[in-house]
1. Under the condition of being open to solvent by less than 10 Å² (accessible area, probe 1.4 Å) and out of contact with any Lys or Arg (no Cβ under 6 Å at 6 or more places or on another chain), which residue from segment A:366-395 is nearest to A:Leu263 (Cα to Cα)?
2. Here is a list: B:Ile73, B:Ile65. Which entry is within 21 Å of A:Ile332 (Cβ to Cβ), open to solvent by 10 Å² or more (accessible area, probe 1.4 Å) and not aromatic (Phe, Trp, Tyr)?
3. B:Glu121: in contact with a Leu (Cβ under 7 Å, 6 or more places away or on another chain) and not β-branched (Val, Ile, Thr), yes or no?
4. Across segment B:43-59, what is the number of residues that are open to solvent by 40 Å² or more (accessible area, probe 1.4 Å) and more than 9 Å from ligand 2 (Cβ to nearest atom)?
5. Are any residues in segment A:407-436 away from every other protein chain (no Cβ under 14 Å), closer than 23 Å to B:Lys131 by Cα and open to solvent by less than 70 Å² (accessible area, probe 1.4 Å), and if so, which ones?
6. Could you list, ordered by first residue, the pairs with Cβ atoms under 7 Å in which the first is in segment B:39-52 and over 18 Å from B:Glu259 (Cα atoms) and in the same structural domain as B:Gln25 (by TED's automatic domain parsing) and the second is open to solvent by 10 Å² or more (accessible area, probe 1.4 Å) and near ligand 2 (Cβ under 9 Å from one of its atoms), at least 6 apart or interchain?
7. Can you find a residue that is in contact with an Asp or Glu (Cβ under 6 Å, 6 or more places away or on another chain), within 16 Å of ligand 1 (Cβ to nearest atom), part of a loop (DSSP other than H, G, I, E, B) and in the same structural domain as B:Arg12 (by TED's automatic domain parsing) anywhere in segment B:57-77?
8. Inside segment A:351-365, can you point out the residues that are open to solvent by 10 Å² or more (accessible area, probe 1.4 Å) and within 14 Å of chain B (Cβ to nearest Cβ)?
Amino acid sequence: MSGFIIFALYLVAFFGSYLVLSRLLSKYFQREGFNSLKTVTFGDESAVKANRIASIISVATVFWLWVAFTNSAIPLPKLPGPFQGDATFTYTATLEDGTSDDATVTVRVYREDIQQTVDAEGNPGREPDAPEVEPGDGFAKNDTLTAARYSFKVLNVWSNDEVSKKGGSTVTAINGIPIAPGEKIDIPEGTVGLTDKGTPTFAPATGLRMARLYLPAPEVVMERFIRLNKEGYQGFTLWEHTWKSVSRVLWGFLLGSLIGIPLGYAMGLTNWSRGWFDPIVEFMRPVPPLALIPLMIIWFGIGEVSKVILLFLAALWIMIIAARSGVSGVAIAKVHAAYSLGASKWQILSKVIVPNSLPEIFTGARVAMGVCWGTVVAAELVAAEVGLGKMIVVASKFQLTDIVLVGIILIGVIGFLIDVGVRALETWLVPWKGKV
Amino acid sequence: MSELLIDNVSMRFELPNGGHVQALQNVSLDIKSGELMSVLGPSGCGKTTLLNIVAGFLAPTEGNIILNDKKVIGPSADRGMVFQQGALFEWMTVRENVSFGPDMKGVSRAESKENVEHLLEVVGLGDFKEKAIYELSGGMQQRVALARCLANDPDVILMDEPLGALDALTREKMQGLVLDLWRETGKTIILITHSVEEALLLGERLLVMAPRPGRVHKEYRLPFADLGVGNDLREVKKHKDYASTREEILEMIWSMEEEIMGRTEDAS
Ligand SMILES: Nc1ncnc2c1ncn2[C@@H]1O[C@H](COP(=O)(O)OP(=O)(O)OP(=O)(O)O)[C@@H](O)[C@H]1O
Ligand SMILES: [Mg+2]
């Protein structure tokens, strides 16, 4: 249900903001002159440029959807929330001889995350006391109940009655509406029902927002992030968790490149090496690094060594193949030109083949970095002492979804920064890429 | 003096499917020092193959290349090559490209500097020394290629359609440049071209090749190259023999092309 609403809202935001903005900012949206014709050649990379307004709205939309589906304190339009506060309903108890009596149940519905909140004095929140009610007259007495939002409660209404369930008292109506065991009745504050054995149940209305356990509000995640920065998690600071993951990736990638690039060159330059390494590379290339995690743990334990070796293997094949195709891709005319300019084999290797392979190597490096980053998190999820993946998996065991989200956001941001970094290095070192 | 002898060279490519292509058959030529020879011929007649053999990139199946009384056994700095395109080093600046040859020989940059800068001036790229290759136009890139070849001071310059990718105007300017450089440096030049005009204007000697198997069809001695040095090439085109020679050669190549088209492909 929520899924469809999210999807529908997202579509509305996508088309709606386009329609609105293209009217309002028609200048900015207009393609002029030859540029307007350029889209005729579909797929022409240079004809399509990211509309930055769209990017900003896109991020804002995701943020808003996040707020809208949580019990966030951020003042943005939200979906109907869960019921909170006091609600009452009456039940009618009927005895075997046909006499009946009404009594009221007062339910106090409180925040499900009350213990995680802090009041103005810094005290953690507590579950509220049950409301005080008069017992009332008749054989059925008024009851009270406390229930957390999103919860489901079974209420023994007979506990204070003069005639117990065993004594023949059954609930036959809720708010005057007849009800049989197994049935339910909706009231504005929730759903009242009877179990198959006839005991009343109450579930407060949930609305369409998600409980904190499933999706904490943005400000909750932010608070958690700040707290993690101060207090750390599982004996390590947030920075240590992050840096450990990053440094594993860097080590694995560095070793993979250090071994992989020369191997790739050798494979591109000599028949023997090509023949020798071909079977290994072709065999290992399609094996996802994740599949090696169990073996690495068996062989090297759960410490640094096993992680670095895993990432080394993840990067190795990619870098070998990148270097190999970088060498094979050299235009024969360049090699010929260098020869007839008097270059020796060694000079051709260092002055022509290596620089010529740089664009391919950078492409490989970007892929390898991405794969390593994904692999390290997965490896930490499986087994580790420290790292972002480890943080996430421990937090998920304690159902601390906010920490899980902090971890996921950090992983995304760092992965993005790594790619930006490699790309910046690329434009600096290989300025001719894509221009010849 | 440097004399280039192409001695009864044959080249046969074995094809993976078991057949073969006779790209050259018994080609013999004697090219004097300082000669400028242009080579014409229908597509596929073995021009590039011949040039690659002279450069030492390919070993002929029969025959020898002899330069300065020494048998050619591979590429070396005494034979420079100017390619049609794509042979410049994008990771180097214009200056670094041109000084590549001297650098490889271990000549210090300081020593080669003067000559490199002079050559860049000669080809009109004095203001583009520190530019990257991808920042240059096609014509400028070909001038870099020419300067790079000259900086290495080879005995023989081999050019495979060096101006093929240029527009008509740039091409004409470059033709003038080639002629002037030829006269100034006195190098032996072999120039392959698809343009009959270019072959006539630049060739002191003109070789027409015939295909299947690739062989020398006819040779001309022409006066236009000498006339063209230091002159407007358009004037040369008005020379009384120019038009008639051009027609004759065009006719010849056309009939050869037609023959190829008419004949079914046979790889035996
Ligand atoms: N490496 C090779 N393997 C097999 N056949 C080849 C090879 N190189 C050239 N050939 C064949 O040899 C013949 C001559 O080729 P070549 O490239 O020398 O022709 P060309 O005269 O330079 O043609 P163009 O004017 O189109 O450049 C062609 O039939 C070609 O198919
Ligand atoms: Mg050719």
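1. Residue satisfying both the conditions and the ranking: A:Ala368.
2. Going through B:Ile73, B:Ile65 in turn, just one is within 21 Å of A:Ile332 (Cβ to Cβ), open to solvent by 10 Å² or more (accessible area, probe 1.4 Å) and not aromatic (Phe, Trp, Tyr): B:Ile73.
3. Against the criterion (in contact with a Leu (Cβ under 7 Å, 6 or more places away or on another chain) and not β-branched (Val, Ile, Thr)), B:Glu121 does not qualify.
4. 2
5. Residues of segment A:407-436 away from every other protein chain (no Cβ under 14 Å): A:407-425.
Remaining after also requiring closer than 23 Å to B:Lys131 by Cα: A:423-425.
Answer for segment A:407-436, where residues must be away from every other protein chain (no Cβ under 14 Å), closer than 23 Å to B:Lys131 by Cα and open to solvent by less than 70 Å² (accessible area, probe 1.4 Å): just A:Ala424.
6. B:Val39/B:Lys47; B:Thr48/B:Asp160; B:Leu51/B:Asp160
7. Checking segment B:57-77: not a single residue is in contact with an Asp or Glu (Cβ under 6 Å, 6 or more places away or on another chain), within 16 Å of ligand 1 (Cβ to nearest atom), part of a loop (DSSP other than H, G, I, E, B) and in the same structural domain as B:Arg12 (by TED's automatic domain parsing).
8. Of everything in segment A:351-365, those that are open to solvent by 10 Å² or more (accessible area, probe 1.4 Å) and within 14 Å of chain B (Cβ to nearest Cβ) turn out to be A:Lys351, A:Ile353, A:Val354, A:Pro355, A:Asn356, A:Leu358, A:Pro359, A:Glu360, A:Ile361, A:Phe362.
The values are calculated or read from the model by the stated rules, or taken from the named source; none is laboratory data. Note that this is a predicted model, so its numbers are computed, not measured. Counting neighbours? That spans all protein chains shown, and the Cβs are built from the backbone with ideal geometry, glycine included. Calculation scope for accessible area: heavy atoms of the full protein, side chains included, ligands and nucleic acids excluded. Shrake-Rupley method; radii C 1.70, N 1.55, O 1.52, S 1.80 Å.
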